[in-house]
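Report on the following structure.
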Amino acid sequence: MTPKKPPVRPGETITLEIHGNSHTGDGVGRFEGFTVFVPQTVSGERVRARITKVKKSYAHARLTERLKESPDRVEPPCPVFERCGGCQLQHVAYPAQLKMKRQQVADSFQRIGGMTGVTIHPVIGMEEPRNYRNKAQVPFGWRKGRVAAGFYAAGSHEIVDIEDCLIQQSENDQAVQTVKKMVEQLKIPPYDEKSHKGILRHVMVRTGVNTGEVMVVLVTNGSRLPNRGKLVKALREEIPGLASVIQNIHPRRTNVVLGRENRLLWGQPAIHDLIGDVRFAISPHSFFQVNPSQTEVLYQQVKKYAALSGEETVIDAYCGIGTIALYLAGDAAEVYGVESVAQAVEDARHNAELNGIRHTVFESGAAEEVMPRWAEEGIRPDVIVVDPPRKGCALELLDAVVEMGPDRLVYVSCNPATLARDAAYLSERNYRTEEVQPVDMFPHTSHVETITLLQRQTL
Ligand code: SAH
């Protein structure tokens, strides 16, 4: 079949109905049968939109006029929503955001997994869906001869100032503003991407919400940081809870935020936070869930599905710094964790020690290599938890799960598409998908997080 010629061209303005949403939160409509994505629209709306990009089977367009509005549409609470790109759903009322996310999970199971009748619970949202992020990463640069700190304007490398981010904890915003004020006063030049000159590239702030400890990471273009003593002194005076100031040295030309080398300028090399009553050390490079109150909801749900009595052997695959493993350890006989980032595994071991937890083993390596080896060595867990990145689990890992034959598999996923694919694979291998609980970890963004319980069927 010769592919039909797209019925639209860049620059053209069309009228269309929006009937759904993509996984990135864009509204989806059809124009003469051709799929068109329009950001910042809502299902049920009729809009005018200007085509920006045309591909073989779909096009992107920019909203120009709303002819019919959805009752779920709200005024975006953040004034820079349209330019920033950090959030995708601020124009949708929060209860409707939650419904959209649940629908996305249902669609994935049906379309990708070919599975109908899976129980998908309503999404557990936040009571106050704002100021939740415990980590800020803010680029610094020049704008009209002054220091700017905020975000890159969409499609450009210009930094737009932002003082108060809707989804960021206000302590983090304030800490960034303090750094901004001080680097202006102390004449520490921000980095200029084009010329690769200047010093301060990014400021990262992390907060341990349950301990009040704050970490400031100054990412610099090379090891030079003039006036560092004065800067640290000012930050200590002005940032409540400051526990750690780190210089991250990052001389390379790349978009990656952090360089490899950390230099402790003042305080501790890591801050701490609690999930439940387990204590974690968080260093600049550690992966740690960014929404602490919902992390606890997420892990409680994992614990519920794991249904531990204290006798079980548990595996936590893709364990990061050991958060789930250690959260479950109090209810298990032994817990194995596997994670590919060696530093995270060291953190996990350190975190076990910090909490006096002895019956955990953390191994560094690819889960899809370590798990088959564990299966060969005869490790027979009762419960396996997996929490893979967006691409989901490798087949070797799923095969190892089947071989080990745990009663329950608890699948934590940040991508419904790969979750549905993996659940379908397992459903043909004696693991039935019992229920799915989505938890909103990232209000106002298009991200969807779920916990799924799969049970081994007794023959
Ligand atoms: N469960 C943890 C981390 C989840 S994020 C938490 O809740 O905090 C997913 C983790 O998988 C990351 O730490 C990433 O480094 C790790 N990872 C990615 N690919 C992997 C692989 N092939 N094998 C093992 N770990 C992997």
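Please find, among Ala306, Ala281, the residue that is among the hydrophobic types (A, V, I, L, M, F, W, C), under 30 Å from Glu334 (Cβ atoms) and in contact with a His (Cβ under 8 Å, 6 or more places away or on another chain). Walk me through how you get there before you give the answer.
On the way: Ala306 fails: in contact with a His (Cβ under 8 Å, 6 or more places away or on another chain).
Of Ala306, Ala281, the one residue that is among the hydrophobic types (A, V, I, L, M, F, W, C), under 30 Å from Glu334 (Cβ atoms) and in contact with a His (Cβ under 8 Å, 6 or more places away or on another chain) is Ala281.
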Single match in Lys304, Lys230 (criterion: basic (Lys, Arg), modelled with pLDDT of 95 or more and not assigned by TED's automatic domain parsing to the domain that holds Gln177) | Lys304
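Check segment 245-266 and report whether any residue there is on the phi > 0 side of the Ramachandran plot, surrounded by fewer than 15 Cβ atoms within 10 Å (Cβ to Cβ) and touching a residue at least 40 places away in the same chain (Cβ under 8 Å). Reasoning before the result, please.
Filtering segment 245-266 down to residues on the phi > 0 side of the Ramachandran plot leaves none.
No, that holds for no residue.
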Note on segment 338-370: residues within 27 Å of Val448 (Cβ to Cβ), within 9 Å of the ligand (Cβ to nearest atom) and not in a loop (DSSP other than H, G, I, E, B) are Val338, Glu339, Ala344, Ala367, Glu368
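Can you report the number of residues in segment 375-397 which are among the hydrophobic types (A, V, I, L, M, F, W, C) and buried (at least 21 other Cβ atoms within 10 Å of the Cβ)? Spell out the reasoning first.
Let us first name the residues in segment 375-397 that are among the hydrophobic types (A, V, I, L, M, F, W, C), namely 375, 379, 383-386, 393-395, 397.
Next cut, buried (at least 21 other Cβ atoms within 10 Å of the Cβ) only: 383-386, 393, 397.
Residues in segment 375-397 being among the hydrophobic types (A, V, I, L, M, F, W, C) and buried (at least 21 other Cβ atoms within 10 Å of the Cβ): 6 in total.
Restricting to segment 354-374, and then to whatever is touching a Ser or Thr at 6+ places or on another chain (Cβ under 8 Å) and aliphatic (A, V, I, L, M), can you tell me which residue is surrounded by the fewest Cβ atoms within 10 Å (Cβ to Cβ)?
Step one: of segment 354-374, the residues touching a Ser or Thr at 6+ places or on another chain (Cβ under 8 Å) are 364-367.
Now drop any that are not aliphatic (A, V, I, L, M), which leaves 366-367.
Details: Ala366: 14, Ala367: 26.
This residue is Ala366.
Within segment 305-334, which residues are in a strand (DSSP E or B), more than 10 Å from the ligand (Cβ to nearest atom) and closer than 25 Å to Pro438 by Cα?
Going residue by residue through segment 305-334, those that are in a strand (DSSP E or B) are 313-317, 334.
With the extra rule that they be more than 10 Å from the ligand (Cβ to nearest atom), the set shrinks to 313-315, 334.
If the condition is that a residue be in a strand (DSSP E or B), more than 10 Å from the ligand (Cβ to nearest atom) and closer than 25 Å to Pro438 by Cα, then Val314, Ile315 are the ones that fit.
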Only listed residue being surrounded by fewer than 22 Cβ atoms within 10 Å (Cβ to Cβ), assigned by TED's automatic domain parsing to the domain that holds Gln300 and within 27 Å of Pro71 (Cα to Cα), chosen from Ile167, Ile120 | Ile120
Out of segment 385-402, which residues are under 24 Å from the mean Cα position of the chain (by Cα) and part of a helix (DSSP H, G or I)?
-> Leu395, Leu397, Leu398
Scan (1) out of contact with any Ser or Thr (no Cβ under 8 Å at 6 or more places or on another chain); (2) more than 10 Å from the ligand (Cβ to nearest atom) for the single condition Pro389 breaks and write down its number.
-> (2)
State yes or no: is Phe151 assigned by TED's automatic domain parsing to the domain that holds Val257, under 19 Å from Gln90 (Cα atoms) and assigned to a strand (DSSP E or B)?
-> yes
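Do the conditions hold for Ile282, that is, is it out of contact with any Pro (no Cβ under 9 Å at 6 or more places or on another chain), of a type outside the set (Phe, Trp, Tyr), farther than 23 Å from Val448 by Cβ and in contact (Cβ under 8 Å) with a residue 40 or more places away in the chain? Let's see the steps before the verdict.
Values: out of contact with any Pro (no Cβ under 9 Å at 6 or more places or on another chain): yes; of a type outside the set (Phe, Trp, Tyr): yes; farther than 23 Å from Val448 by Cβ: yes; in contact (Cβ under 8 Å) with a residue 40 or more places away in the chain: yes.
So Ile282 fits the description; yes.
In segment 264-275, is there at least one residue being in a helix (DSSP H, G or I), within 11 Å of the ligand (Cβ to nearest atom) and over 14 Å from Val410 (Cβ atoms)? Steps first, please.
Here is the first cut: in segment 264-275, the ones in a helix (DSSP H, G or I) are none.
Scanning segment 264-275, I find no residue that is in a helix (DSSP H, G or I), within 11 Å of the ligand (Cβ to nearest atom) and over 14 Å from Val410 (Cβ atoms), so the answer is no.
Residues in segment 205-215: is at least one outside the structural domain of Val439 (by TED's automatic domain parsing), part of a loop (DSSP other than H, G, I, E, B) and on the phi > 0 side of the Ramachandran plot? Step through it out loud before you land on a result.
Step one: filter segment 205-215 for residues outside the structural domain of Val439 (by TED's automatic domain parsing), giving 205-215.
Checking which are part of a loop (DSSP other than H, G, I, E, B) leaves us with 209-212.
Okay, now just the ones that are also on the phi > 0 side of the Ramachandran plot, so 212.
Yes, segment 205-215 has at least one match.
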Subset of segment 416-459 (residues that are free of Cβ contacts under 8 Å to residues at least 24 places away in the same chain and among the charged types (D, E, K, R)) = Glu428
Checking Ile282 against (1) more than 10 Å from the ligand (Cβ to nearest atom); (2) within 23 Å of the chain's Cα centre (by Cα); (3) modelled with pLDDT of 95 or more, which single condition isn't satisfied?
-> (3)
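Given the structure, is Ser446 more than 23 Å from the chain's Cα centre (by Cα), surrounded by fewer than 24 Cβ atoms within 10 Å (Cβ to Cβ), among the hydroxyl-bearing types (Ser, Thr, Tyr) and more than 21 Å from Val338 (Cβ to Cβ)? Step through it out loud before you land on a result.
Working: more than 23 Å from the chain's Cα centre (by Cα): no; surrounded by fewer than 24 Cβ atoms within 10 Å (Cβ to Cβ): yes; among the hydroxyl-bearing types (Ser, Thr, Tyr): yes; more than 21 Å from Val338 (Cβ to Cβ): yes.
Spelling it out, it is not the case that Ser446 is more than 23 Å from the chain's Cα centre (by Cα), surrounded by fewer than 24 Cβ atoms within 10 Å (Cβ to Cβ), among the hydroxyl-bearing types (Ser, Thr, Tyr) and more than 21 Å from Val338 (Cβ to Cβ).
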In segment 14-34, residues that are surrounded by 19 or more Cβ atoms within 10 Å (Cβ to Cβ) and of a type in the set (Phe, Trp, Tyr) total 1
Condition test on Gln90, is it modelled with pLDDT of 95 or more and in contact with a Cys (Cβ under 7 Å, 6 or more places away or on another chain)?
-> yes
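The values are calculated or read from the model by the stated rules, or taken from the named source; none is laboratory data. Computed from a predicted structure; not experimentally measured. Don't worry about glycine lacking a Cβ; one is built from the backbone with ideal geometry, like all the others, and counts go over all protein chains shown.
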